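Heads up, the thing below is written out as structure tokens.
The values are calculated or read from the model by the stated rules, or taken from the named source; none is laboratory data. Small disclaimer: the values here were computed from a predicted structure and weren't measured. Ideal geometry is used to build each Cβ from the backbone, glycine not excepted, and the neighbour counts take in all protein chains shown. Quick note on the areas: whole protein, heavy atoms, side chains included, nothing else; ligands and nucleic acids left out. Shrake-Rupley method; radii C 1.70, N 1.55, O 1.52, S 1.80 Å.
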Amino acid sequence: MDLSVVVPCFNEERGLQELRDELNAVLPALVGRFEVVLVDDGSTDRTLDQARRLSALDPRYRYLSLSRNFGKEAAMLAGLREASGDRVLIMDADLQHPAWLIGDMLRQLDLGYDQVVARRDRHGEPRVRSLLSKLYYVGVNKLADVQLEDGVGDFRVLSRRAVDALLAMPESNRFSKGLFAWVGFPTATVPYRNVTRKYDQSCFSFGKLVNYGIDGVVSFNSKPLRAAVYIGAVVTLLAAVYAVYVIVCALIGHPGVPGYATLIVGITGFGGMQLLLLGVVGEYVGRIYVESKNRPCYFIKESGGAVAMSVEDAAPRMVVPRLPSDAPLVADPAAGNGGQQCAD
Ligand code: UDP
Ligand code: MG
């Protein structure tokens, strides 16, 4: 297989047919054999029906359907595990990732790169969002051990060894932008003009974006924890200096009137600082807790399409996709996804 295209889909019934038309217009001229893996991430609309229909119409299309909405990161992981191509392209289903760019991306990859990422400008985006994103990237790049680029997302094509490297990362709390950067390998960038969403709204609300941002900060470094220690130390020192000042004032005969305001400011200030620092520590402890449970990132409730139908029972299945640490990276297709059946 020359190319696998992994497409995470959450409530994308309206765009899938157009996506297929776009892909079928460009891919046959660019690659020999290709497959498109549609990953329905627990959609509540008719996305799954559309995926079933497309894969019934065209043997190059396959689909997986997750047992519920696990989020884009899990959907991408499921698709990457299922992809069998020598090169793997990841793109959104919402037509915001232009198919005409794929040719340029593949040509770059053939020059010897392992990752070719598409970088969009922020054309047509609300000003506030662009500004917040820019500030975020400046901040996160100062803190994080990996460098993230503004405008660079999941629209990228990867070599097989880059995909295998990504799949070798066992963590379940996956911040893909960071993982892509962390695995390294020669990487090229192809710029393109931002395309606004044609149907519906972004699945990422402001709250989800903030959570995603926090993931980005704490997934790849422990500097906030270190910052917490420094901030705690500085605040304690200031408190000690203030205490010495009060004692000295009292000793030299200027006890002053104990200020109610100072007291309140002190209590709330220190209280707030403690909560903040506890929160930082809590973020990391929470992550350790999640990782220690070692849960699979998703369950597959159904799959279909040419490959899945020919090698497996087409009946719906529940599969634990996580590989044991000593398992080969490429799953035995005859054994199902990841080669493990779900324990009760
Ligand atoms: N997506 C997904 N699961 C989710 C949310 C989104 O698979 O829980 C998919 C979605 O269908 C789309 C891609 O991820 O193909 C990007 O989502 P969206 O367009 O909402 O994000 P944005 O472009 O605003 O970053
Ligand atoms: Mg989008």
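Among all residues of the range 165-188, there is none that is within 14 Å of ligand 1 (Cβ to nearest atom) and on the phi > 0 side of the Ramachandran plot. Considering only residues in the range 54-111 that are within 19 Å of Leu16 (Cβ to Cβ) and among the β-branched types (Val, Ile, Thr), the one that is farthest from the chain's Cα centre (by Cα) turns out to be Ile102.
Among the residues of the range 272-304, which ones are in contact with a Ser or Thr (Cβ under 9 Å, 6 or more places away or on another chain), at pLDDT 80 or above and either open to solvent by 70 Å² or more (accessible area, probe 1.4 Å) or of a type in the set (S, T, N, Q) (or both)? Answer for the range 272-304, where residues must be in contact with a Ser or Thr (Cβ under 9 Å, 6 or more places away or on another chain), at pLDDT 80 or above and either open to solvent by 70 Å² or more (accessible area, probe 1.4 Å) or of a type in the set (S, T, N, Q) (or both): Asn294, Arg295, Lys301, Ser303. Of Arg122, Arg193, Arg160, all but one fail to be farther than 30 Å from Ala227 by Cα, away from ligand 1 (no atom under 14 Å from the Cβ) and either open to solvent by 70 Å² or more (accessible area, probe 1.4 Å) or modelled with pLDDT under 85 (or both); the exception is Arg193. Could you tell me which residue of the range 71-114 is nearest to ligand 1 (Cβ to nearest atom), considering only residues that are outside any helix (DSSP H, G or I), open to solvent by 50 Å² or more (accessible area, probe 1.4 Å) and touching an Asp or Glu at 6+ places or on another chain (Cβ under 9 Å)? Ranking the candidates gives Ser84 first. Just give me the residues in the range 58-69 being within 15 Å of ligand 1 (Cβ to nearest atom) and open to solvent by 50 Å² or more (accessible area, probe 1.4 Å), in sequence order. Those that are within 15 Å of ligand 1 (Cβ to nearest atom) and open to solvent by 50 Å² or more (accessible area, probe 1.4 Å): Arg68, Asn69. Annotation for the range 83-90: no member residue is at positive phi and more than 16 Å from ligand 2 (Cβ to nearest atom). Every condition in (1) more than 16 Å from ligand 2 (Cβ to nearest atom); (2) in a helix (DSSP H, G or I) is met by Glu35 except one, and the failing one is (2). Filtering the range 42-57 to residues that are of a type outside the set (A, V, I, L, M, F, W, C) and open to solvent by 10 Å² or more (accessible area, probe 1.4 Å) leaves Gly42, Ser43, Thr44, Asp45, Arg46, Asp49, Gln50, Arg52, Arg53, Ser55. Scan the range 17-24 and give yes if some residue there is in contact (Cβ under 8 Å) with a residue 24 or more places away in the chain, away from ligand 2 (no atom under 16 Å from the Cβ) and surrounded by 17 or more Cβ atoms within 10 Å (Cβ to Cβ), otherwise no. Checked the range 17-24: at least one residue is in contact (Cβ under 8 Å) with a residue 24 or more places away in the chain, away from ligand 2 (no atom under 16 Å from the Cβ) and surrounded by 17 or more Cβ atoms within 10 Å (Cβ to Cβ).
It is to be established whether one or more residues within the range 305-313 are at pLDDT 80 or above and either closer than 22 Å to Phe175 by Cβ or out of contact with any Leu (no Cβ under 6 Å at 6 or more places or on another chain) (or both). Within the range 305-313, one or more residues are at pLDDT 80 or above and either closer than 22 Å to Phe175 by Cβ or out of contact with any Leu (no Cβ under 6 Å at 6 or more places or on another chain) (or both).
Scanning the range 54-73 for residues that are out of contact with any strand residue (DSSP E or B) (no Cβ under 7 Å at 6 or more places or on another chain), closer than 18 Å to Ile300 by Cβ and away from ligand 2 (no atom under 16 Å from the Cβ) yields Arg68, Phe70.
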